[in-house]
Amino acid sequence: MFDNLTEKIGKTIRNLRGVGKLSEENMGEALKEVRTALLSADVHFKVAKQFVEQVKETCIGQEVLSSVTPGQQVVKIINDELVKLLGEGTAELSENRPLKIMMIGLHGAGKTTSTAKLSRHLKKRGLTTLVVGCDVYRPAAIDQLETLANQEELLFYADRNSKDVPSIGMKAVRHANEQQASAILFDTAGRLQIDQDLVGELKRLNDTVMPDEILLVTDSALGQEAVNVASHFHEEVGLTGIILTKLDGDARGGAALSMKSITEVPIKFAGTGEKMDDFEVFHPDRMASRILGMGDVVSLVEHAQDKIDQDEAERMAEKMRKADFDLNDFLSQIRQVKKLGPLDKVMGMMPGMTGMEVGDKETRQMAQTEAIILSMTTKERTKPGIINGSRRVRIANGSGTQVSDVNALLKQFNQMKKMMKMMRGGKMKRLQKMMGKKGGGMSGFPGAMPGGF
Amino acid sequence: MFGLIKKFKSGLARTTQSLFGAVGGIFGTNQLDKGSLEALEEALYGADFGVETAEEIMEEIQDSFKQDKRLRGMDAAEIGASVLRRVLEGSEGQLQSKPDGPEVIMLLGVNGSGKTTTTAKLGHRYQGEGRFVLLAACDTFRAAANEQLRLWSDRLSLDLVASKHGADAASVAFDAYQAAESRGRNLLILDTAGRLHNKGHLMAELGKIIRVVAKNDAFAPHHRWLVVDGSIGSNSIEQARSFHKAIHLTGLVITKLDGTSRGGALVGIYRELGIPIYFVGFGEQPDDLQPFTVENYISAVFGLQQKVAE
């Protein structure tokens with residue numbers, strides 16, 4: 001896997017230091033790496049080629065900066081170009097009311113789920129939303145939409161006796177007017193972009209209800225096919241936006257770049273999980289680092305801000321500063337991390353950690369640590385110094401662990417405390433040195449972060 | 001049987017046409033030049049074979065081109081075919097186990113890959129071959145997944161065990177096995193909920209279903225097939241890797257090859273994991289699921305129509 005583009009590119013142009021300027025000759029190898037990175041992220045061949053050309057033009061003639069490595073410099077340029085390309089166009093939906101949205105896409109892209117998620121998103125913004133079951137082919141598709149509509153308390157319209165989609169659409173609009181709905185979402189059947197009959201049906205629905213938005217719902221893991229899908233649908237019905245689904249998977253999502261650059265249709269939303277509120281406005285910057293395989297730091301930070309209790313975090317920071325940190329604090333820290341969600345999800349968002357194995361073992365370990373601390377008395381938690389041999393045996397028995405586990409935990413805790421003392425003593429340099437030497441663990445992260453961002 | 005082969009051909013014909021028709025018949029009788037070599041490279045990447053295989057084919061073609069400038073498009077196709085033939089050797093899946101009780105096939109995969117539809121099609125196919133089939137709706141998570149399979153089984157006269165939305169998937173599977181035994185069914189197909197391969201807790205749930213089913217027969221489920229959407233790119237290898245690691249896959253089904261996608265990811269998956277491919281899906285009709293054969297696939301990809309058996 002292509003985990004760290006910065007590093008790879010860095011290797012190819014390490015000898016650039018002191019060269020002065022980036023040129024076609026000294027960039028050659030690096031640009032090849034960029035192309036391979038894009039191709040293995042499923043960016044379309046033509047798009048990758050075009051993009052590399054563009055990057056080359058931007059790079060050539062630039063002074064090699066002394067503050068960053070040439071690798072970082074090039075990656076920064078690539079990243080900026082990517083963000084620009086992915087983010088062009090507006091992500092806002094039309095202001096028309098009632099806002100009519102037609103959801104289209106291939107089979108299994110996630111249209112019905114996205115319809116419900118988008119409706120929920122609009123409802124939260126004060127719109128009265130009606131969803132319309134226009135998938136008259138897939139067995140139980142309408143039932144699926146109805147279930148979701150009930151669950152989210154949305155207005156729902158379907159006509160199970162009819163296969164005439166345009167007429168269903170028309171009746172739905174009438175129904176929406178009666179109900180005074182301010183947004184109508186048409187959930188259409190999955191279809192191939194080359195299926196003339198079914199695409200014809202879409203066109204007729206389009207002509208009948210005249211939607212303000214036609215959103216293409218696509219799996220973010222789509223391969224080279226993405227270009228065909230998006231451009232065909234765009235030619236046939238004229239897309240106004242794209243929704244990327246299953247972004248909570250680990251696909252690098254090159255399809256997003258392909259579709260965007262070929263059709264110039266803006267990417268508006270992203271589906272990010274199984275729950276109905278796992279749906280967000282598209283962030284080009286995050287997608288860029290994802291395509292480049294550099295993790296999703298911003299999402300991680302936002303995610304953390306969302307879930308972590310701010311006061312608690314400040315209290316903790318203060319405690320750390322004073323090195324007045326006991327096992328109760330350690331426990332509450334573990335619980336904060338747990339709130340972020342499954343460890344693997346958290347780690348997946350960190351740069352340089354994509355593809356790292358964070359599985360059940362680490363999660364289990366965290367649960368074990370929690371159990372051990374919970375088996376201690378209050379006094380032991382505030383004054384770990386008093387935990388002698390017999391107390392250790394009791395704690396191990398109480399938490400269903402071995403004495404060696406308890407020892408390991410206490411040792412880890414003492415090390416943490418020592419570090420905090422050093423920080424307090426203003427001996428940051430010494431601390432950094434120590435962390436640098438140790439490598440691994442959390443201390444590895446800053447090193448993996450691309451500079452200059 | 002004749003009808004089926006014809007179907008396979010027509011499904012694949014569409015794929016072939018759009019694959020190399022689009023770049024002006026580069027695999028034809030014309031001699032190659034720099035321009036057509038590039039178009040060829042684009043077509044190879046466009047097939048989602050993955051960077052490794054695409055590069056390998058390209059290198060072999062370039063080598064031959066260096067030796068003989070008169071190389072024609074169809075010679076290049078032969079080279080590509082021989083690389084794929086080498087990579088895909090042994091990839092055709094065959095059902096072999098003969099358990100005492102019902103034989104259990106478990107279908108799994110990420111959301112929207114086509115598991116429920118494949119469950120129905122497989123049931124239809126095996127029932128047509130004289131097996132006594134029972135389907136089990138173990139996707140108790142997605143809204144109306146039960147109903148979807150129920151409608152399919154009504155339509156195709158297949159026997160079905162289903163529970164309520166939100167029920168425990170493992171217990172549905174357990175009950176289904178017992179039902180299969182008592183109803184004298186010898187093939188049980190489990191449809192499971194879609195799950196992204198990077199979600200530990202959902203993968204663990206699969207393990208639970210397997211453990212519970214194995215209480216009836218230690219070797220069940222005898223087949224664990226990953227259903228992969230043929231239009232997905234390199235991530236399908238990641239998917240296969242994760243599922244394989246979690247529960248040891250025994251086979252693959254590649255769906256949605258009726259579009260213009262070539263399902264090239266199956267090459268990447270087989271190349272890395274060696275999991276045999278059992279079926280490919282071409283469309284929404286019950287018969288649109290066909291056994292995978294290397295020759296048919298390669299013929300379709302490279303337009304070697306004459307190789308398809310009549």
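The values are calculated or read from the model by the stated rules, or taken from the named source; none is laboratory data. Source: prediction; values computed, not measured. Methodologically, a virtual Cβ is constructed for each residue, glycine included, from the backbone with ideal geometry; neighbour enumeration extends over all protein chains shown. The protein model used for the area step is the full one, side chains on, heavy atoms only, and it has no ligands, DNA or RNA in it. Shrake-Rupley method; radii C 1.70, N 1.55, O 1.52, S 1.80 Å.
Quick grid of which residues meet (1) buried (at least 19 other Cβ atoms within 10 Å of the Cβ); (2) out of contact with any Phe, Trp or Tyr (no Cβ under 8 Å at 6 or more places or on another chain); (3) modelled with pLDDT under 90:
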| site | (1), (2), (3) |
| --- | --- |
| A:Leu22 | yes, yes, yes |
| A:Glu25 | no, yes, yes |
| A:Leu39 | yes, no, yes |
| A:Lys49 | no, yes, no |
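For the range B:241-251, how many residues are within 14 Å of another protein chain (Cβ to nearest Cβ) and either part of a strand (DSSP E or B) or under 8 Å from the mean Cα position of the chain (by Cα) (or both)? So the count comes out to 0.
The range B:112-210 holds helices (runs of 4 or more DSSP H) entirely within its bounds, and those carrying 2 or more residues that are in the same structural domain as B:His248 (by TED's automatic domain parsing) and acidic (Asp, Glu) map to B:145-155, B:169-182. Here B:Asp48 passes the criteria (1) surrounded by 15 or more Cβ atoms within 10 Å (Cβ to Cβ); (2) outside any loop (DSSP other than H, G, I, E, B); (3) in contact (Cβ under 8 Å) with a residue 12 or more places away in the chain; (4) within 14 Å of another protein chain (Cβ to nearest Cβ) except the one numbered (2). At least 3 residues being of a type outside the set (D, E, K, R), at pLDDT 90 or above and in the same structural domain as A:Ala408 (by TED's automatic domain parsing) is the threshold, and among the helices (runs of 4 or more DSSP H) wholly inside the range A:338-397 those reaching it are A:360-374. The residue list B:Gly281, B:Gly264, B:Gly259 contains one member that is at pLDDT below 95, in the same structural domain as B:Ala240 (by TED's automatic domain parsing), open to solvent by less than 10 Å² (accessible area, probe 1.4 Å) and touching a strand residue (DSSP E or B) at 6+ places or on another chain (Cβ under 6 Å), which is B:Gly281. Condition check for A:Gly293 on (1) under 15 Å from the mean Cα position of the chain (by Cα); (2) within 14 Å of another protein chain (Cβ to nearest Cβ); (3) modelled with pLDDT of 90 or more: one failure, at (3). Among the candidates B:Ala144, B:Ala137, the residue that is closer than 21 Å to B:Ser113 by Cα and without any contact (Cβ under 8 Å) to a residue 24 or more places away in the chain is uniquely B:Ala144.
Taken over the range A:121-138, the residue count meeting the criterion of being within 14 Å of chain B (Cβ to nearest Cβ), at pLDDT 95 or above and touching a His at 6+ places or on another chain (Cβ under 9 Å) is 0.
Being open to solvent by 40 Å² or more (accessible area, probe 1.4 Å), hydroxyl-bearing (Ser, Thr, Tyr) and more than 11 Å from chain B (Cβ to nearest Cβ) is a property that holds for A:Thr58. For the range B:73-86, the condition holds for at least one residue, the condition being that it is in contact with a strand residue (DSSP E or B) (Cβ under 9 Å, 6 or more places away or on another chain), surrounded by 15 or more Cβ atoms within 10 Å (Cβ to Cβ) and in a helix (DSSP H, G or I). Between B:Leu71, B:Leu88, B:Leu95, B:Leu40, the distinction of being within 14 Å of chain A (Cβ to nearest Cβ) and not polar (S, T, N, Q) belongs to B:Leu40 only.
In the range A:94-134, which residues are among the polar types (S, T, N, Q) and either touching a strand residue (DSSP E or B) at 6+ places or on another chain (Cβ under 6 Å) or open to solvent by less than 20 Å² (accessible area, probe 1.4 Å) (or both)? Once the filter is applied, which keeps residues that are among the polar types (S, T, N, Q) and either touching a strand residue (DSSP E or B) at 6+ places or on another chain (Cβ under 6 Å) or open to solvent by less than 20 Å² (accessible area, probe 1.4 Å) (or both), the range A:94-134 yields A:Ser94, A:Thr112, A:Ser114, A:Thr115, A:Ser119, A:Thr129.
Meeting the requirement of 3 or more residues that are over 29 Å from the mean Cα position of the chain (by Cα) and over 19 Å from A:Leu93 (Cβ atoms), the helices (runs of 4 or more DSSP H) wholly within the range A:128-238 are A:165-178, A:196-209. For the range B:252-273, give me the residue count where each residue is assigned to a loop (DSSP other than H, G, I, E, B) and facing chain A (nearest Cβ under 8 Å). So the count comes out to 6.
Output the residue which, of all residues in the range A:258-274 that are within 13 Å of chain B (Cβ to nearest Cβ) and touching an Asp or Glu at 6+ places or on another chain (Cβ under 9 Å), is most open to solvent (accessible area, probe 1.4 Å). The qualifying residue most open to solvent (accessible area, probe 1.4 Å) is A:Glu274. Restricted to the range A:144-178, and to residues there that are in contact with a Leu (Cβ under 9 Å, 6 or more places away or on another chain) and within 14 Å of chain B (Cβ to nearest Cβ), the residue that is most open to solvent (accessible area, probe 1.4 Å) is A:Phe156.
Of the residues making up the range A:234-257, those that are more than 9 Å from chain B (Cβ to nearest Cβ) and either buried (at least 24 other Cβ atoms within 10 Å of the Cβ) or among the charged types (D, E, K, R) (or both) are A:Glu235, A:Glu236, A:Ile242, A:Ile243, A:Leu244, A:Leu247, A:Ala256, A:Leu257.
Considering (1) open to solvent by less than 10 Å² (accessible area, probe 1.4 Å); (2) of a type outside the set (Ser, Thr, Tyr); (3) within 11 Å of chain B (Cβ to nearest Cβ); (4) farther than 23 Å from A:Asn79 by Cβ, the lone condition that A:Leu222 does not fulfil carries the number (4).
For the residues B:Ser157, B:Ser171, B:Ser163, the requirement of being out of contact with any Gly (no Cβ under 7 Å at 6 or more places or on another chain), open to solvent by 70 Å² or more (accessible area, probe 1.4 Å) and of a type in the set (S, T, N, Q) singles out B:Ser157.
Looking across the range B:211-240 at every residue that is in a strand (DSSP E or B) and within 17 Å of B:Ala136 (Cα to Cα), the one that is nearest to the other protein chains (Cβ to nearest Cβ) is identified as B:Val227.
To keep it simple, each residue is scored yes or no on (1) away from chain A (no Cβ under 14 Å); (2) acidic (Asp, Glu); (3) within 21 Å of the chain's Cα centre (by Cα).
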position	(1), (2), (3)
B:Leu44	no, no, yes
B:Ala81	yes, no, yes
B:Gly112	no, no, yes
B:Ala143	no, no, no
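Criterion first (open to solvent by 20 Å² or more (accessible area, probe 1.4 Å) and within 30 Å of A:Asp187 (Cβ to Cβ)) does A:Ala91 satisfy it? Considered against the rule, which asks whether it is open to solvent by 20 Å² or more (accessible area, probe 1.4 Å) and within 30 Å of A:Asp187 (Cβ to Cβ), A:Ala91 comes out as yes. Taken together, B:Gln62, B:Gln94 contain a single residue that is in contact with a helix residue (DSSP H, G or I) (Cβ under 9 Å, 6 or more places away or on another chain) and open to solvent by 70 Å² or more (accessible area, probe 1.4 Å), which is B:Gln62.
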